[in-house]
Amino acid sequence: MSAFSLLRWWAIVRKEFLQLRRDRVTFAMIVGIPIVQLTLFGFAINSDPRHLPTAVIGAGHSEFTRSLVAAMRNSSYFDIVAELPDEQAGRDALARGRVQFVLDVPADFTQKLVRGEKPAMLLEADATDPMATGMALGAVNPLVAAVAQKDLRGPLAALAAGAAPFEIRVHRLYNPEGITQYNIVPGLMGVILTMTLVMMTGLAMTRERERGTMENLLATPVRPIEVMSGKIVPYIAIGLIQATIILAAARWVFGVPFVGSAVALYLSALLFIAANLTVGITLSSLAANQLQAMQMTMFYFLPNILLSGFMFPFAGMPQWAQWLASVLPLTHFNRLIRGIVLKGNGWAELWPSIWPMALFTLIVMAIAMRFYRRTLD
Amino acid sequence: MSTTAARELAIDVHGLNKHFGDKHVVADLSMQVRRGEIFGFLGPNGSGKTTSIRLMCGLLTPDAGSGSCLGYDIRRESEQIKRRVGYMTQKFSYWDDLTIRENLDFVARLYEMPERRRVVDGALERLGLAARAHQLTGALSGGWKQRLALAACMLHKPELLLLDEPTAGVDPTARRDFWEELHRLAAEGISVLVSTHYMDEAERCHKLAYIAYGKLLAQGTAEDVVRAQQLTTFAVRGEGLAELTTALRGQPGVEQTVAFGAVLHVTGRDAPLLEATLKRFATGDGLRIERVDTSLEDVFIHLMNRATDNYAAGA
């Protein structure tokens, strides 16, 4: 008797495709999840918020300060929503959350500037959400420097030459404008693949058990490896479809530049899909019913989304969390896809992220085979 | 096991035991089913029938005991057994979201059958479902599902059929047709082990086994089973049977009373004592007492009551 029968294996593959075609909800999810998540994360979440409401105190005193305010407005970080009479009114507006920033220009600012006394102006920020103000604050100093360069001409040029306080340069690689979508959208591919694939394969086997059809399968000569791999194949196809939808959206909807190799990307995606499917099949073998499979999926999904560097910077996590995250395939896939899409990395740079994922897949597959129940015991 | 036994016996198991947690589901089950025989498997719900069937075809591994199915060891050669046995589960276990044809085709593929198309077409034709082959299986009625399940587990031409309550919830006409089909198959030499709750079905089996609380209580032909219990039954007809039933409870010699419509069956092992008691109590006008043959149903009720007693005494 053959250890692996292609005929039986193909029977399983065919059956899965037939059932999938009739399962409208799952089918809708395959297309719906990438679209909904892209809309939510791609458009709604923004770690580089702009058009933050800003109030100005005493800006109308000179051409220089007016020019500075105009430059701030043009940077698109700041929306000047009010001119306030004094410091007290500014504090009030911040406390009530009417504005995110208050720019306080002292009455004698321009006179001091002209006299070369290096005057200071105060930018107060509502920093309750550091993420919301961080980028804007970072943009202020270069802005002031630029205005100084441009406006201090003629007799004041000497001042511009010695503008030491503005000597802050921000130089961002790969994403010079700090566009969140460049980071979020490729990262979403891993998140979406993890969620749909682990969940769907997690349900695949438990559904057979819950409907009683597993007993029927076990009573036939079909082998565990045939059932498992046969059930996986349709989901590999689904994963590749989802990856393509996300890539297309990244390119044409979000305008993410794609500098790397498409082949490298699809091969990485394929490996990542395999890793997720083995997890799903393992959960499927462990769970007693579909509800348990869903719960286990969530249990697996949360650390992935929180620790993988998708939501929070990897380097910012404590050591133990970094170790934990290094086990998860999503961590490595995020590095791979950002590396390929944004940096154009080649195989040499990709390899350190590829082998941990491959190792993970092999180990989990061994666990899955161990726990697949040959009998009903 | 010897080759002659393998040729004659479809199922031959000894001392099978199975525990689920601390529940002893099957206790020391020994059973022989001859080839070409329809063997009825009876017992109350939860008595271990399904577990026993699963043990015999290798779907479950016994904790203790040994045996063979079609000459193959049930512990080591379940792969061989699976190819030669058709197992029909208690709950309909084909895929509701596949069409009738797709289900049959899938099963044929799993058994790697040659000439699949012809085999499936033939099965559809015999079923009378050729015209509805493209309907989803989930839309079929209970009776049709049962016929489809039988056709599907017959597809690979098994030598032994294991049918777990195949006629539960099926109307009488469909049940009769089903049993005619079983007898036709048995005549062709196929062995059948079928569990059931219906007495009329039990009487249509060549041999019977009665199991309760995991223990095999009786085995043999219907006559053997009835005779072995050595019970005497009196039928009482007339007015006031309900009152009589209450009065007879716990009286000497009376082991059970079963009402069959207008007739009350009173059963016990000690015939003279039972008759004396009956004469004492059934004094009302118009009550007629008559000794009758103990029926299979009386015996099964007796077996079940006694099994409960044993269980309680042992605890």
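Roughly how many debye, to the nearest 20, is the charge dipole of the protein assembly as shown about its Cα centre, given +1 on each Lys and Arg Cβ, -1 on each Asp and Glu Cβ, and no other charges? Before the final figure, lay out each step's value.
On the way: 69 positive and 65 negative charges, 321 e Å.
Charge dipole of the protein assembly as shown: 1540 debye, to the nearest 20.
Partner aspartates and glutamates whose Cα lies under 20 Å from the Cα of A:LYS150, excluding those fewer than 8 positions away in the same chain, are identified as A:GLU63, A:GLU117, A:GLU167. The helix-based estimate of mean residue ellipticity at 222 nm for chain B, built from -39,500 (n - 2.57) per DSSP H run of four or more residues and divided by its residue count, is -11500 deg cm²/dmol to the nearest 500. Near the amide H of A:LEU328, within less than 5 Å, lie no amide hydrogens of residues on another chain or at least 5 residues away, with H placed in the peptide plane. Here the simple spin-label model places points 7 Å from the Cα toward Cβ, and for A:MET121 and B:ARG118 these points are separated by 9.3 nm. Between the Cα long axis of helix B:172-187 and the first principal axis of chain B there is an angle of about 70°, rounded to the nearest 10. Karplus-based coupling profile of region B:236-251, in residue order and whole Hz: 10, 10, x, 8, x, 5, 5, 4, 4, 4, 5, 5, 7, 4, x, 6, with θ = phi - 60° in 6.51 cos²θ - 1.76 cosθ + 1.60 and x standing for Gly or Pro.
In this structure the amide hydrogen of B:VAL292, modeled in the peptide plane, comes within under 5 Å of the amide hydrogens of B:THR233, B:PHE234, B:ALA235, none closer than 5 places in sequence on its chain. Hydrodynamic estimate: the Kirkwood radius of the protein assembly as shown over Cα pairs, inserted into Stokes-Einstein at 25 °C and 0.890 mPa s, corresponds to D of 77 µm²/s. In this rough spin-label picture, where each label sits 7 Å from Cα along the Cβ direction, the B:VAL263-A:GLN149 distance is 11.2 nm. Label reach from B:ARG288 (point 7 Å along Cα→C-beta): in region B:238-276, amide nitrogens under 12 Å belong to B:238-239, B:263.
With θ taken as phi - 60° and the Karplus curve 6.51 cos²θ - 1.76 cosθ + 1.60 applied, the whole-hertz 3J(HN,Hα) list for region B:89-94 is 6, 4, 8, 4, 10, 9 Hz, x standing for glycine and proline.
At q = 0.10, 0.14, 0.18, 0.19 Å⁻¹ the log10 of I(q)/I(0) for region A:239-322 amounts to -0.37, -0.72, -1.04, -1.09, computed by Debye summation with a single uniform scatterer per C-alpha, solvent ignored.
Along the charge dipole of chain B, pointing to its positive end and built from +1/-1 on Cβ of Lys, Arg, Asp and Glu, which listed residue (B:GLY43, B:PHE178, B:LEU127) has its Cα farthest out? Checked the options; the winner is B:LEU127.
Viscosity 1.306 mPa s, temperature 10 °C: what is the translational diffusion coefficient of chain B from Stokes-Einstein with a Kirkwood Rh over Cα pairs, rounded to a whole number of µm²/s?
Once the numbers are plugged in, D ends up at 74 µm²/s.
Each label was represented as a point 7 Å from its Cα along the Cα-to-Cβ direction; for B:GLU79 and A:ALA82 these points are 8.0 nm apart. In the elastic network of chain B, a GNM with C-alpha springs shorter than 10 Å, the most mobile of B:GLU77, B:GLU290, B:GLU201 is B:GLU290.
Over chain B, calculate the relative contact order: mean separation of alpha carbon pairs under 8 Å at least 6 apart, over the residue count, as a percent.
Details: 566 pairs, mean separation 60.3, N = 315.
It comes to 19 percent, rounded to a whole number.
Peptide A:216-227 has a mean shielding of 6, counted as Cβ atoms of other protein chains within 10 Å of each residue's Cβ.
Which entries in the list A:LYS15/B:LYS145; A:LYS231/B:LYS18; A:LYS231/A:LYS343 go over 28 Å, if you measure between the two C-alpha atoms of each? Don't skip to the answer; put the middle values down first.
Working: A:LYS15/B:LYS145 19 Å; A:LYS231/B:LYS18 32 Å; A:LYS231/A:LYS343 36 Å.
From A:LYS15/B:LYS145; A:LYS231/B:LYS18; A:LYS231/A:LYS343, over 28 Å: A:LYS231/B:LYS18; A:LYS231/A:LYS343.
Under 5 Å from the amide H of B:VAL26 lie the amide H atoms of B:LYS18, each residue being 5 or more positions distant or on a separate chain, with H modelled from the backbone and absent for Pro and chain starts. Using all pairs of distinct alpha-carbon atoms, the Kirkwood hydrodynamic radius of region B:230-293 works out to 11.3 angstrom.
Strictly greater than 22 Å: what percent of every Cα pair in region B:188-263 meets that?
Of all Cα-Cα pairs in region B:188-263, 44 percent lie more than 22 Å apart.
For peptide A:8-18, how many partner chain Cβ atoms fall within 10 Å of a residue's Cβ, on average?
Numbers: counts 4, 1, 1, 9, 3, 0, 5, 9, 0, 0, 8.
That works out to 4 on average.
Express the relative contact order of region B:230-293 as a whole percentage, based on alpha carbon pairs under 8 Å and six or more residues apart in sequence. Can you show the working numbers first?
Working: 102 pairs, mean separation 31.4, N = 64.
Relative CO of region B:230-293 lands at 49 percent.
Of the three principal axes defined by the Cα atoms of region A:175-317, the extents in descending order read 61, 32, 22 Å.
FYI, it's all coordinate maths here, none of it is from the lab. Bear in mind the structure is a predicted one, so any value in this text is a computation, not a measurement. Glycine also receives a Cβ, built like all others from the backbone with ideal geometry; neighbour counts cover every protein chain displayed.
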